[in-house]
Amino acid sequence: MEFDDDIIDELLRDEYIEQAGYNKLGEPLYRLTQKFYDENKDFVDRLKLVESDLLSSLWFKNYIDIRMNEDGTSYIYLTEKSDEWYRSDELTKEEKSMMYLLYTTGYYEDDD
């Protein structure tokens with residue numbers, strides 16, 4: 001068992017994460033539980049800020065488009081530029097990780 005697997009097992013055992021399904025590659029997806037949110041409010045706030053910064057950076061670099069519907073719900077769409085995200089020298093390691101998450105867990109594509 002790898003170090004990462006040990007951490008995931010511990011977080012599952014402590015009920016800080018739960019399995020939420022599988023991504024398009026068949027890899028398990030996990031989500032934070034309410035227990036984690038309740039016990040780690042400062043960390044969760046920092047995590048949300050980092051996520052927001054990464055999405056903003058990808059938007060400014062034209063790798064994603066963020067659109068809002070009439071109810072105020074935001075949706076992320078990948079742009080043509082995003083097709084080669086994994087080869088890009090323009091993206092940081094963190095931005096590439098976010099692009100991987102977007103590609104494997106769900107995003108929206110125009111039907112055009």
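The values are calculated or read from the model by the stated rules, or taken from the named source; none is laboratory data. As the structure is a computational prediction, the values presented were derived from the model and not from experiment. Glycine gets a Cβ as well: all are built from the backbone with ideal geometry, and neighbour counts include every protein chain shown.
Out of curiosity, is Asn69 loosely packed, with under 14 Cβ neighbours inside 10 Å, over 22 Å from Ala20 (Cβ atoms) and touching a helix residue (DSSP H, G or I) at 6+ places or on another chain (Cβ under 9 Å)?
no
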Output the qualifying pairs, or none if there are none: Cβ atoms under 7 angstrom, residues six or more apart or on different chains, first residue in the range 80-102 and in contact (Cβ under 8 Å) with a residue 24 or more places away in the chain, second residue assigned to a helix (DSSP H, G or I) and among the small types (Gly, Ala, Ser). Glu95/Ser57; Met99/Ser82
Please enumerate the residues belonging to the range 13-39 that are surrounded by 12 or more Cβ atoms within 10 Å (Cβ to Cβ) and either part of a strand (DSSP E or B) or under 19 Å from the mean Cα position of the chain (by Cα) (or both). Tyr16, Ile17, Glu18, Ala20, Tyr22, Asn23, Leu29, Tyr30, Leu32, Thr33, Phe36, Tyr37
Can Asp9 be described as surrounded by 11 or more Cβ atoms within 10 Å (Cβ to Cβ) and either assigned to a helix (DSSP H, G or I) or not assigned by TED's automatic domain parsing to the domain that holds Leu102 (or both)? yes
Can you say whether Thr79 is of a type in the set (Val, Ile, Thr) and modelled with pLDDT of 95 or more, as far as the supplied structure shows? no
